[in-house]
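A.B. asks: I'd like to ask you about the structure that follows.
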Amino acid sequence: MARRRLSKQQQHRIRKIQEERARRAGKREQTINDQREAGELGSEQSGLIIAHYGQQLDVEALDGDHRGELFRCFVRANIDSLVTGDRVVWCRGDDNTGVIVARQDRHTLLQRPDNFGQLKPVAANIDHIVLVIAPLPEPHDNLIDRYLVAAENTDIPAVILLNKSDLLNDDNRHRLDPMLDRYRNLGYQVVTASAHHPDRHDDTITSLVRGRTSVFVGQSGVGKSSLIQTLVPEHELKVGAVSDSTGKGIHTTTTARLFHLDRGGDLIDSPGIREFGLWHMTPAEIEYGFREIREITGLCRFRDCRHQREPGCALEKAATEGRISPQRLQSFRRILQDMAEQQARGLKL
Ligand code: GDP
Ligand code: ZN
């Protein structure tokens, strides 16, 4: 990820914030230790992070008498950052409060760069990224590939879900079918559904999410909110509209939140997660993100080949010989160029 240089003023501000955090954490740690010594904390048990609000987290008890209930918890200072989806060890305090004492190992971690280009964890233990597309807004290979590049770089499997199947007709099938076949041939699972007619695709959606932790990503308007609404009816989402005048969404939805699905499985959702992948990526990340291309980039004649039609480019050869798809190669080149331009603009600012 791009690491922009921080100005003196920014560095100063960050240092101040860190000092203040450390001071508060120290105080909290003392309180926790006092409570522990006074025997005010319950025994250690396992929990699941449902949401994160600043210094506090909602933890769901995974065992014991209060299984399934939520507890507002603080974190011991020695634990690195916790995110929604993390499994933790925690102790109960008074009422509905508690203290998180340890984090269990994660099997996956979704991260995104902050304003300074530093990667920040967003959600943990996700089993797959469901990339939602639809006949309308018309999907472009290039945008799909951007999401896939980001997904490949997390090593979390991506599934493509074509929503709004009710809008399929001979015209758009003509374009969509070869495109979807291209992704199937690359090994991506592709499924079709409709949020407006969930009954028609009940099995598809249910079996896709059952027993797993999913996130839904994709361009605005493809029907993510609508799909999520069919899976978690009590989750109030704004469909087809921005929820308040600032355009940033209502407060409760800005933090990543985990939902248990009525028919099994979990879903983690936040506005940030939905836009997953639409940020700057380095050439190395882009290369890694194209699974068929990363296999052959080492075979180019020039070690610093930019794969934009230089002589001896292995990608050009592979496309001519039909080993990789020309559309994917074009998309790869486009993303490389877009990112280079974005970088150049960023440096000028
Ligand atoms: P999001 O921006 O991805 O969250 O998309 P929304 O869920 O807000 O949906 C955008 C628009 O597409 C809304 O007007 C929905 O009613 C519509 N929509 C969602 N799913 C379907 C579907 O399966 N079929 C049709 N025809 N429209 C849909
Ligand atoms: Zn090359």
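Any read-out appearing in this document is the output of simple, stated calculations on the displayed coordinates, not a laboratory observation. Quick caveat, the model's predicted, so the values are computed rather than measured. Note that each Cβ is placed from the backbone with ideal geometry, even for glycine, and that neighbours are counted across all protein chains shown.
A.B. asks: Too long at a 30 Å Cα-Cα cut-off: which of K224/K317; K120/K224; K120/K317; K27/K224? Mind dumping the intermediate values first?
C.D. replies: Details: K224/K317 39 Å; K120/K224 24 Å; K120/K317 38 Å; K27/K224 42 Å.
Among K224/K317; K120/K224; K120/K317; K27/K224, the Cα-Cα distance tops 30 Å for K224/K317; K120/K317; K27/K224.
A.B. asks: Quick one: if you stick a label point 7 Å off each Cα along the C-beta vector at R15 and H107, how many nm between them?
C.D. replies: 4.4 nm
A.B. asks: How about the chain: what cysteines have no other cysteine beta carbon under 4.7 Å from their own?
C.D. replies: If one checks each Cβ against the other cysteines of the chain, C73, C91, C313 turn up with nothing under 4.7 Å.
A.B. asks: Below 20 Å, Cα to Cα, which aspartates and glutamates can K8 reach? Residues fewer than 8 away in the same chain don't count.
C.D. replies: E19, E20, D114
A.B. asks: With springs only between Cα atoms under 10 Å apart, run a GNM on the chain and tell me which of A123, A151, A22 wobbles the most.
C.D. replies: Answer for the Gaussian network model of the chain: A22.
A.B. asks: I would also like to ask the following. Just the Cα atoms of the range 28-96: what Rg and Dmax do they give in Å?
C.D. replies: Rg, Dmax (Cα atoms, Å): 11.4, 31.
A.B. asks: Taking K and R as +1 and D and E as -1, what net charge do the other residues with C-beta under 14 Å from the C-beta of G264 add up to?
C.D. replies: Working: positive: R210, R212, R263; negative: D127, D202, D203, D262, D266.
Local net charge: -2.
A.B. asks: What does the charge add up to near C91, with Lys and Arg as +1, Asp and Glu as -1, over the other residues with Cβ less than 11 Å from its Cβ? Walk me through the intermediate numbers first.
C.D. replies: Values: positive: R36, R76, R92; negative: E40, E44.
With Lys, Arg at +1 and Asp, Glu at -1, the net is +1.
A.B. asks: Work out how much length A340 to T192 would gain on full extension: take 0.36 nm times their residue separation and subtract the Cα-Cα distance, in nm to one decimal.
C.D. replies: Values: separation 148, 0.36 × 148 = 53.28 nm, distance 3.45 nm.
Between A340 and T192, full extension yields an extra 49.8 nm.
A.B. asks: Which percent, to the nearest 5, of DSSP beta bridges fully inside the chain are antiparallel? Don't skip to the end; give the middle numbers.
C.D. replies: Numbers: 30 of 50 bridges.
Among the beta bridges of the chain, antiparallel pairing accounts for roughly 60 percent.
A.B. asks: Please report how far the C-alpha centroid of the range 180-237 lies from that of the range 303-349, rounded to the nearest whole angstrom.
C.D. replies: One Cα centre to the other: 31 Å.
A.B. asks: GNM, the chain, Cα, under 10 Å: largest mean-square fluctuation among R323, R333, R36?
C.D. replies: Judging by the Gaussian network model, the answer is R323.
A.B. asks: Working from Cα positions, state the angle (0 to 90°, nearest 10) between the long axis of helix 141-154 and the longest principal axis of the chain.
C.D. replies: 40 degrees
A.B. asks: Can you give the angle from 0 to 90° between the axis of helix 326-348 and the longest principal axis of the chain, with both taken from C-alpha atoms, to the nearest 10?
C.D. replies: It is inclined by approximately 60 degrees.
A.B. asks: Let me ask something else. Which residue, I324, I14, I79, has the most motion in a Gaussian network model of the chain that connects Cα atoms within less than 10 Å?
C.D. replies: Checking each option, the largest mean-square fluctuation is seen for I14.
A.B. asks: Further question: First measure r as the distance between the Cβ atoms of H174 and D95, then evaluate 1/(1 + (r/R0)^6) with R0 = 56 Å and state the FRET efficiency to the nearest 0.05.
C.D. replies: Values: r = 61 Å, r/R0 = 1.09.
Efficiency for this residue pair is about 0.40.
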